[in-house]
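The values are calculated or read from the model by the stated rules, or taken from the named source; none is laboratory data. Being a predicted model, the structure only gives us computed values, none of them experimental. All Cβ positions, glycine included, derive from the backbone under ideal geometry; neighbour counts span all protein chains shown.
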Amino acid sequence: MDLMKLGTELLMNKLGGADSDSVSAMLGKLLSGGEESGGGLGGIIAAMQEKGLGDIVESWLGDGDNADIAPEQVKEVIGEQQIAEMAASVGADEETILDTLKDALPQIIDKSSSGGSLLDNIGGLGGAMDMAKKLFS
């Protein structure tokens, strides 16, 4: 599955007039970046666990329905500076970025983890917690 293509399509649908190259670059940084950009999908999952949002992310990793996440929770997980940078890169306001990500992240993580494979790739919940410790220490 091409997560970049899926993510770009999801974000473009919500952002409307944004430049697709800018949206792809923003998403690429978020999904594959190091600590300064959230640590990629594994970092997002670890941050959610660390911030008490484990039930939400576990619903995304499983094969059932995806639980909702609030825009404020997205901002807490990804970081205020990162959200501001993302908004500037695509010419949108921060509220629009947060609203877009609250809808897109569950779908991106869900599609990347059919049967829990993403969680398995980072060593299960223990691996996610270890990753969180590295990110936040």
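Condition first: at pLDDT 90 or above and part of a loop (DSSP other than H, G, I, E, B). Can you find one or more residues in segment 29-36 that meet it?
no
Out of curiosity, is LEU15 over 18 Å from LYS111 (Cβ atoms) and crowded, with 16+ Cβ neighbours inside 10 Å?
Here the answer is yes, as LEU15 does meet what is asked.
On the given criteria, is GLN81 over 22 Å from SER113 (Cβ atoms), assigned to a helix (DSSP H, G or I) and modelled with pLDDT of 90 or more?
yes
Are any residues in segment 59-84 free of Cβ contacts under 8 Å to residues at least 40 places away in the same chain and among the acidic types (Asp, Glu), and if so, which ones?
If the condition is that a residue be free of Cβ contacts under 8 Å to residues at least 40 places away in the same chain and among the acidic types (Asp, Glu), then ASP65, ASP68, GLU72, GLU76, GLU80 are the ones that fit.
Without any contact (Cβ under 8 Å) to a residue 24 or more places away in the chain and either crowded, with 16+ Cβ neighbours inside 10 Å or of a type in the set (S, T, N, Q) (or both), is that true of SER32?
Yes, satisfied.
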